[in-house]
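Take a look at the structure below.
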Amino acid sequence: MSDVTRVTAQRLRFERLLDAPVETVWAYLVDPALRARWFMGGPTDLRVGGSIGMTMEHDRLSDGDVPTPERYRTHLGKCWTERITRLDPPNVLAFTWDDGAAGEVTITLRAQQGGTLLVLIHDGLRGLDDAHNFGGGWHAHLAALARRVRGDGVADFWALHGQAEGEIERALGDGPAG
């Protein structure tokens, strides 16, 4: 399957060819219960100008009993909403991050090779810290999504996350700023 990642201090772009039809992948983007299986769920008002809920329950992303790394434990249970800026079901979902201070995320879907080509672009990052943080996160979450839509499990989300952080660090060519 396709796995293309391009990262800079201002922009992340991920392409994944997922082994599921567009409608299935779309459901995993917009249904809060399904979204919570690979990313973050939360109440969602699915319209331009509506909100997309985010609840940080990453301790539930692994199928097994996997401890959350210490540096992420304080974030567990955090809830917030972002604003939907573009919506074209079942092909485009875009929303702000940090109310736009950390840019905008656009996810596009299109049928390709019997599956779905997902392109996620996170534009408007504030620099290398954001690129490392969001890059490792999106990379890991998309790996979890690929497994979920395929019907496979996610044994250890944090192992995926650690691997993703290393790949993003190599792609950016250095460690996190600061």
message: Conditions first: (1) within 19 Å of MET56 (Cβ to Cβ); (2) surrounded by 15 or more Cβ atoms within 10 Å (Cβ to Cβ). ALA101 passes all but one, so which condition is the exception?
response: (2)
- prompt: Can you find a residue in segment 54-70 that is of a type outside the set (Asp, Glu), without any contact (Cβ under 8 Å) to a residue 60 or more places away in the chain and touching a strand residue (DSSP E or B) at 6+ places or on another chain (Cβ under 6 Å)?
  reply: yes
message: Looking at segment 5-26, I want the residues that are surrounded by fewer than 18 Cβ atoms within 10 Å (Cβ to Cβ) and have a partner that is assigned to a loop (DSSP other than H, G, I, E, B) with Cβ atoms under 6 Å, at least 6 apart or on another chain. Which pairs are those?
response: ALA9/GLY127; GLN10/LEU125; GLU15/SER2; LEU17/MET1; LEU17/SER2; GLU23/PRO90
statement: Filtering segment 1-34 for residues that are of a type in the set (Gly, Ala, Ser) and part of a helix (DSSP H, G or I) leaves a count of 2
- request: Starting from segment 103-117, take each residue that is in contact (Cβ under 8 Å) with a residue 12 or more places away in the chain and within 15 Å of VAL92 (Cα to Cα) and list its partners that are among the aliphatic types (A, V, I, L, M) and in a loop (DSSP other than H, G, I, E, B), counting only C-beta distances under 7 angstrom and pairs at least six apart or across chains.
  value: THR116/ALA20
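Here, each number is a calculation from the coordinates, and none is a lab measurement. Worth saying up front: this structure is predicted, and the values here are computed from it rather than measured. No Cβ is skipped: glycine too gets one built from the backbone with ideal geometry, and neighbour counts run over all protein chains shown.
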